[in-house]
Amino acid sequence: MEYKKNCDTLSEKNSFDAEGNATNNQELKAGPYDGLQKAEKEEIQYSLDKHDNSDSGANQCCAWKVTAIVLLILTVLLLVIAIVIGVIWLRESDILAVSQKTSMERAKQRQEEEEQKRMDREREIRAEEEKKRMDREREVRAEEEKKRMDREREIRAEEEKKRMDREREVRAEEEKKRMDLDKKIRQEEEEKRQAMLEEVKAQCSSGQIVSISSISFGFILSVLLFNHLMDY
């Protein structure tokens, strides 16, 4: 308000000076009272100069006030800008912190996922290796069991063959012994039978004479008995 009042005063002064100069010019052109008019003019000019000096001081004061107001406004604007920049910086810092936190969480989650995937792959690899190892061990045990069973089968076959050969040899020896014994027994029996035949032949030869004489004697007795019966 004070700045506007000073500006209005300055405008009125300028208009007053213009009117005074126009009046003086008209009076000078009139010419009759040049000395008086000149004195009045000087007095008026002195008063105007004095008024101008006071107006210039007021104008300077007004300029300083305007400058102070402008500086104050600029300071306030700078403070507002600083506050806005600070708020924006804090917000950006918060956003950056949140972004960094989110990035760290994502990186941590990604790392955990990669670690989980790595552990899963290692577990799968260990499971496959364990399965392959167990399969190899099973195959090795199966081959060893098959070889052992084949060896046992071969050993049993060899032992069975040896046993059968021994039994065959034993049976052959026993059969041979039995046949030799039977042959010896038959030979002894044949010898005994021959001896008995010889003895029987000898006995038959002596018994044949006795039987012939007994038959003849019986026949004679029969004839005598028949004749005796016929006589009756």
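Structure values in brief
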{"item": "Neighbourhood net charge (14 Å Cβ-Cβ; Lys/Arg +1, Asp/Glu -1) for E169", "result": "+3"}
{"item": "For region 124-130, 3J(HN,Hα) per residue [Karplus equation, 6.51 cos²θ - 1.76 cosθ + 1.60, θ = phi - 60°, Hz, x = Gly/Pro]", "result": "5, 5, 4, 5, 5, 5, 5"}
{"item": "Segment S103-E115, extension gain: residue separation times 0.36 nm, minus the distance between their alpha carbons", "result": "2.6 nm"}
{"item": "Whole-Hz ³J(HN,Hα) from phi, Karplus 6.51 cos²θ - 1.76 cosθ + 1.60, for region 77-89, glycine and proline x", "result": "4, 4, 4, 4, 4, 4, 5, 4, 4, x, 4, 4, 5"}
{"item": "Distance (nanometres) between label positions extended 7 Å along Cα→Cβ at K184 and E199", "result": "2.3 nm"}
{"item": "Integer Hz, Karplus 6.51/-1.76/1.60 couplings in order for region 166-173, x for Gly and Pro", "result": "4, 4, 5, 5, 5, 5, 5, 5"}
{"item": "Part-to-part distance (alpha-carbon centres) for region 127-189 and region 68-90, which is given in Å", "result": "112 Å"}
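Where a number appears in this text, it was derived from the coordinates with a stated rule and is not lab data. Keep in mind that this is a model prediction, so the values were computed, not measured. Glycine gets a Cβ as well: all are built from the backbone with ideal geometry, and neighbour counts include every protein chain shown.
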